[in-house]
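**Student:** Shown below is the structure under consideration.
The values are calculated or read from the model by the stated rules, or taken from the named source; none is laboratory data. Predicted, not measured: the structure shown is a model, and the values here were computed from it. Glycine gets a Cβ as well: all are built from the backbone with ideal geometry, and neighbour counts include every protein chain shown.
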Protein chains: 2
Amino acid sequence: MGGDLAPEVVVKGAVMALGSIDSDSRIVLYGDADAIRALLAKEGCVEEQFEIVATSEVVEMGDHPVRAFQQKRDSSIVVGFQHLAEGKIDGLASAGSTGAIMVGSTQVVKVIEGVIRPAISTVVPTVMGTPVMILDVGLNVDCRPDILEQYALIGSIYAESVLGVKSPRVALLNIGTEATKGNFQSKEAYELLQVGSESGRYNFVGNVEASHIFTSKVADVVVCDGFVGNTILKLCEGLYAINDTIGTTNSFLEGFNYESIGGTPVLGVNAPVIIGHGKSTAKAVKSMILSTEQAIRAKISERLSEAFK
Amino acid sequence: MGGDLAPEVVVKGAVMALGSIDSDSRIVLYGDADAIRALLAKEGCVEEQFEIVATSEVVEMGDHPVRAFQQKRDSSIVVGFQHLAEGKIDGLASAGSTGAIMVGSTQVVKVIEGVIRPAISTVVPTVMGTPVMILDVGLNVDCRPDILEQYALIGSIYAESVLGVKSPRVALLNIGTEATKGNFQSKEAYELLQVGSESGRYNFVGNVEASHIFTSKVADVVVCDGFVGNTILKLCEGLYAINDTIGTTNSFLEGFNYESIGGTPVLGVNAPVIIGHGKSTAKAVKSMILSTEQAIRAKISERLSEAFK
């Protein structure tokens, strides 16, 4: 288990998740077994409700992600990804080093055949209450148009199977609604998305401007490159923090509190992986575990593999 | 005069501006002279307080900007830009067709020698009350790193001379604070900005993440490409609209009401030009006129010409 506040909040979050997961789901905890057992006892929790896998090393935030996988073979993140690749577990959530999680996702669990580059995504709140999914939000900061086109398919499948949105409306983030608007990347992506939509891969509804993401009137899935997507998320986080500073509450921006967002799914790899915020609280860890369970039950990776065959 | 609500609100805004401009400034109104006179009378205003230039044609939003300049020679926008190029007026503000204003700026007034591409910028509110300038916000959606480097100089000069910020802190919008973060464009721009800063062109302080734009703790000038800058503005406008929808007021987001923002300066051309929102109200027109006067008095174009020599 990782994250700035591990293992305390991770164990606490796992205990909180216990009451919400299905009876045939099992939570496996990777980390310092003695510490985990002590914390479970403190929570008044019978340790048999979990599976505990003892690991002795810790990947620090300063560790080089690739080297960490070579050198810290007995860390929770390395053992966890091995188990995931071997099918001993069905999904993995971690608030540890994002770099190490990405190495695990792409090098151990591996990218689904046919997917050019995996994406990370975030489900954001909207005024209407229906979720909107944005991808990519920071993994691919230089996106070729054909990668954006694939994100439409990935996002559409996730929104339909995990979020339960029927025939999700997929839009391209752009600075105007007309097809001819935007930069080289978005203009070319628009054309590819039209072709993909006509062939029935997904339901492309055109461009969406940033002003209309959170109304959910235009789209259920918003496709953009990781530089822009990450900027959108950071801006919202910043505005949430400002509300805090000026003492205003805002039920809408409240949704950008990372505690409410159940982590960031890595999409396009062979098993569900969810990245948590380094500062994840117990509540955030709980959301992350539940999101992972949802993704497993929705068979998201199998569906994506099928779609990219 | 242009804009969705012209000429009524434009005349009204000009009358409102009259009380705030310097005694030796003159406002010149271009448009249907009879309509302007009737509106001035309605406002109880002596028409001699203005100069009126009668024009007989109107550039419509649907008109092709370049063709409008060839075919509608007697429209307010075409005559206004000719007068600006000839020095009959010192600055121009318009809420008319943005495309036509850009044609006038680049083809009639012309780009300052040495400037690769002009920029449009917006001064946004911040929590601390000090303004922050973002450029580009939509003109150059495919920005080469050397164009971003020039925007640092342009923004720095504007912030210092028009906004009165001493030795403005210039930052590059990025998705992390470290020098190695970002996409190809931002990594290369970072290096150029370091060189420019070392040679004393401006005070480059490094990367700024979108979450920290509105605290003004990091930078006074934020440099980004037009796609990202426009997305940031649209997102803020959208969040402002959401506050309206959910019935929350937020003193901070209120600042993104376009009525409060005095138009969008076109920077890097040989005279001050300010683009207003098509839906500009009288209050917005007033702000726009005052911003234009400020830019004229600050000799912004002369300063930029000097800097790019």
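**Student:** Of all residues in the range A:161-185 being of a type in the set (A, V, I, L, M, F, W, C) and under 28 Å from residue A:300 (Cβ atoms), which is surrounded by the most Cβ atoms within 10 Å (Cβ to Cβ)?
**Tutor:** A:172
**Student:** Looking at the range A:42-58, which of its residues are of a type in the set (Val, Ile, Thr) and either surrounded by fewer than 13 Cβ atoms within 10 Å (Cβ to Cβ) or in contact with a Pro (Cβ under 8 Å, 6 or more places away or on another chain) (or both)?
**Tutor:** Across the range A:42-58, the qualifying residue is only A:46.
**Student:** Can I ask one more? So, in the range A:166-184, exactly how many residues are in contact with a strand residue (DSSP E or B) (Cβ under 8 Å, 6 or more places away or on another chain) and more than 14 Å from every other protein chain (Cβ to nearest Cβ)?
**Tutor:** Looking only at that region, the number is 5.
**Student:** May I ask you to say which residue of A:187, A:217, A:181 is closer than 18 Å to residue A:126 by Cα and either charged (D, E, K, R) or within 22 Å of the chain's Cα centre (by Cα) (or both)?
**Tutor:** A:217
**Student:** Then there's this: When you go through B:36, B:77 one by one, which is the residue that is in the same structural domain as residue B:9 (by TED's automatic domain parsing) and touching a Gly at 6+ places or on another chain (Cβ under 9 Å)?
**Tutor:** Every option except B:77 fails the conditions.
**Student:** Let me ask you something else. May I ask you to say which residue of A:261, A:274, A:289 is more than 8 Å from chain B (Cβ to nearest Cβ), in contact with a Pro (Cβ under 9 Å, 6 or more places away or on another chain), modelled with pLDDT of 80 or more and within 25 Å of residue A:157 (Cα to Cα)?
**Tutor:** A:274
**Student:** Considering (1) touching a helix residue (DSSP H, G or I) at 6+ places or on another chain (Cβ under 8 Å); (2) of a type in the set (S, T, N, Q); (3) crowded, with 20+ Cβ neighbours inside 10 Å, say which one residue A:98 fails and leave the rest.
**Tutor:** Going through (1) touching a helix residue (DSSP H, G or I) at 6+ places or on another chain (Cβ under 8 Å); (2) of a type in the set (S, T, N, Q); (3) crowded, with 20+ Cβ neighbours inside 10 Å one by one, residue A:98 breaks only (1).
**Student:** Can you name the residue in the range B:131-143 that is of a type outside the set (A, V, I, L, M, F, W, C) and within 14 Å of another protein chain (Cβ to nearest Cβ) and is also farthest from the chain's Cα centre (by Cα) among such residues?
**Tutor:** This residue is B:142.
**Student:** Let me ask another. Go through the range A:114-132 and give me each residue that's of a type in the set (A, V, I, L, M, F, W, C), surrounded by fewer than 24 Cβ atoms within 10 Å (Cβ to Cβ) and touching a Gly at 6+ places or on another chain (Cβ under 8 Å).
**Tutor:** The answer is A:115, A:123, A:124.
**Student:** Across the range A:282-308, what is the number of residues that are among the acidic types (Asp, Glu) and within 15 Å of the chain's Cα centre (by Cα)?
**Tutor:** Going through the range A:282-308 one residue at a time, the tally reaches 1.
**Student:** Scanning for something touching a Lys or Arg at 6+ places or on another chain (Cβ under 8 Å) and more than 14 Å from every other protein chain (Cβ to nearest Cβ), does the range B:115-124 turn up at least one residue?
**Tutor:** Checking the range B:115-124: at least one residue is touching a Lys or Arg at 6+ places or on another chain (Cβ under 8 Å) and more than 14 Å from every other protein chain (Cβ to nearest Cβ).
**Student:** Name the residue, out of A:209, A:237, that is modelled with pLDDT of 95 or more and within 10 Å of chain B (Cβ to nearest Cβ).
**Tutor:** Only one candidate passes the filter, namely A:209.
**Student:** Another question, then. Is it the case that some residue within the range B:126-136 is small (Gly, Ala, Ser) and either in the same structural domain as residue B:277 (by TED's automatic domain parsing) or at pLDDT 95 or above (or both)?
**Tutor:** no
**Student:** Does residue B:188 satisfy the condition of being within 30 Å of residue B:297 (Cβ to Cβ), of a type in the set (D, E, K, R) and outside any loop (DSSP other than H, G, I, E, B)?
**Tutor:** Answer is no for this residue.
**Student:** For the range B:212-224, how many residues meet the condition of being among the hydroxyl-bearing types (Ser, Thr, Tyr) and at the interface with chain A (Cβ under 8 Å from one of its Cβ atoms)?
**Tutor:** Result for the range B:212-224: 1.
**Student:** Residue A:227: within 14 Å of chain B (Cβ to nearest Cβ) and at pLDDT 95 or above, yes or no?
**Tutor:** The answer is yes for residue A:227.
**Student:** State all residues of the range A:151-167 that are over 12 Å from the mean Cα position of the chain (by Cα) and in a helix (DSSP H, G or I); if no residue qualifies, say none.
**Tutor:** A:151, A:152, A:153, A:154, A:156, A:157, A:159, A:160, A:161
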